[in-house]
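Enquirer: I'd like to ask you about the structure that follows.
The values are calculated or read from the model by the stated rules, or taken from the named source; none is laboratory data. No experiment lies behind these values; they were computed from the predicted model shown. We place every Cβ from the backbone using ideal geometry, glycine too, and count neighbours over all the protein chains shown. Accessible surface areas use protein heavy atoms only, side chains included; no ligands, DNA or RNA. Shrake-Rupley method; radii C 1.70, N 1.55, O 1.52, S 1.80 Å.
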Amino acid sequence: MQRKPWLWGLVLVLMISVASGCAGKETQNANNQSDGSKGGESTKGAVELSFWYGWTGPEAAALEKIIAKWNAANPDIKVKGLSQSDYQKQLTAITGGNPPDIASNFGQDVVPWGERGAMMPLDDYIKKDGVDLSDYITAALSTSQGNGKTYALPIAMHTTMLFYNKDVLAKAGFDGPPQTISQLKEYITKLSVKQDGGRLQQLGLWPGVDAFTFTNAFGGSYYDADAKQVTPDNAGVKSAIQLAKGIWDQFGSEELDRFASGLGQYMSAQNPFFTGKYAMTIDGEWLPTFIKQFAPNLNYGIAPIPYDDNNPNLKNPGNVTTSVFYIPKGVKNPDASWKFLKWLTEPEQMGEFTAALGNLPTRASLLDDPIYANVPGFKEFLTYSQSPNLHSFPATAFANEYMTEFTDQYNAILRGKIGIDEGLKKVKDKIQPLVK
């Protein structure tokens with residue numbers, strides 16, 4: 001998938017490598033393709049489409065397998081994939097008149113890009129070919145739609161849960177994971193180990209606490225659509241930030257930075273959760289697949305995100321994000337691009353791809369499909385995905401600017417460079433003028 005989490009979340013300086021699938025530096029595919037040349041007629045008469053996607057490593061290999069399946073069955077339209085996870089390069093290519101013919105992105109980018117003319121509306125194609133949008137999970141499809149237009153189709157849905165090391169918790173006297181936020185705070189304190197003059201050796205919880213996720217635990221909201229007001233100073237948002245700030249203040253940003261600097265890479269056997277450096281972590285549905293690959297002997301559990309003790313009706317909270325495919329504006333052969341995109345998001349291909357990555361599909365018809373029977377963690381995340389307390393960041397034309405500014409001020413707040421009220425006021429003052 002493409003976690004930004006992520007995310008999906010906030011780009012903290014302390015974060016190691018985020019996401020399954022779309023994070024990571026630019027790579028070249030097996031065909032050694034080094035650019036996204038426009039689609040058109042090849043010398044052999046077939047249409048050639050360039051396909052930029054954000055997944056890397058084994059996940060890119062899974063997508064290339066599906067591309068090969070298409071190419072074997074469609075000699076008239078050849079698709080060449082390129083692992084390209086720098087989404088700014090996508091935008092630069094589109095605005096420069098040299099777009100890829102199809103591309104992946106995050107759902108949170110769809111409405112901002114679509115309304116600014118970077119993505120083609122797909123509604124005419126959807127209507128002409130009778131694509132059943134009712135089969136898409138509403139929360140996932142909503143990230144691809146704005147002002148009555150559909151700019152992309154979601155291939156995978158993502159949310160996070162609490163992962164915990166059963167052995168580490170048992171050693172500290174815990175027989176299960178924390179259920180409430182007050183318990184979470186207690187666990188973090190007891191599971192964090194300091195040695196060598198007070199230096200951290202083990203941390204109770206990965207410190208990149210996602211404010212978007214915990215905002216939903218406190219019933220918060222980032223936008224009042226009726227009043228057309230951004231609400232970063234909403235009480236629930238502030239409570240989520242106060243939770244994260246308390247964790248950072250407990251250990252100090254300098255010590256957290258020092259501790260993180262010696263930890264291993266996310267997509268490796270040295271992932272700090274896999275090695276026991278983090279007793280607990282908040283991560284996405286792809287993590288069990290990584291554990292199977294890199295730490296098959298890890299004794300771990302998956303639990304709901306802890307809920308606010310004062311709001312038990314908000315159990316199973318979380319933030320929903322999606323990975324999507326779209327057709328950039330200005331492609332030479334949009335009909336061919338659509339034909340491939342439509343095929344790529346059909347149940348058979350969606351099932352193959354999301355099962356390989358351990359992601360949740362966005363089609364309701366796939367939720368009980370046996371293809372996921374051996375996907376680790378799928379049952380837990382599938383059940384969790386039905387929670388009414390999972391929400392997406394508001395899909396607005398200014399969502400990118402909003403999330404970027406919020407992230408910048410959030411990081412400054414955590415590091416003690418600015419107060420909570422002052423930081424959130426800066427967000428509101430900068431973003432509210434963008435609301436139209």
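Enquirer: Go through region 419-436 and count every residue that is surrounded by fewer than 18 Cβ atoms within 10 Å (Cβ to Cβ) and of a type in the set (A, V, I, L, M).
Expert: 3
Enquirer: Another question, then. Which of the strands (runs of 3 or more DSSP E) found entirely inside region 191-291 contain at least 1 residues meeting this: open to solvent by 40 Å² or more (accessible area, probe 1.4 Å) and farther than 21 Å from N400 by Cα?
Expert: 193-195, 199-205
Enquirer: While we're looking at this one, here's another question. Yes or no: V331 at pLDDT 95 or above, buried (at least 22 other Cβ atoms within 10 Å of the Cβ) and in a loop (DSSP other than H, G, I, E, B)?
Expert: Considered against the rule, which asks whether it is at pLDDT 95 or above, buried (at least 22 other Cβ atoms within 10 Å of the Cβ) and in a loop (DSSP other than H, G, I, E, B), V331 comes out as yes.
Enquirer: Tell me yes or no: at least one residue of region 350-358 is touching a helix residue (DSSP H, G or I) at 6+ places or on another chain (Cβ under 8 Å), charged (D, E, K, R) and crowded, with 22+ Cβ neighbours inside 10 Å.
Expert: no
Enquirer: Residues being in contact with a strand residue (DSSP E or B) (Cβ under 8 Å, 6 or more places away or on another chain) and open to solvent by less than 20 Å² (accessible area, probe 1.4 Å): count how many of those fall in region 135-159.
Expert: 14
Enquirer: So the check is Cβ under 6 Å with 6+ separation or different chains; which pairs have a first residue in region 136-154 that's closer than 19 Å to L367 by Cα and of a type outside the set (F, W, Y) and a second one that's open to solvent by 10 Å² or more (accessible area, probe 1.4 Å) and part of a helix (DSSP H, G or I)?
Expert: The qualifying pairs are I137/A364.
Enquirer: E401 - would you say it is out of contact with any Lys or Arg (no Cβ under 7 Å at 6 or more places or on another chain) and open to solvent by 70 Å² or more (accessible area, probe 1.4 Å)?
Expert: Criteria not met by E401.
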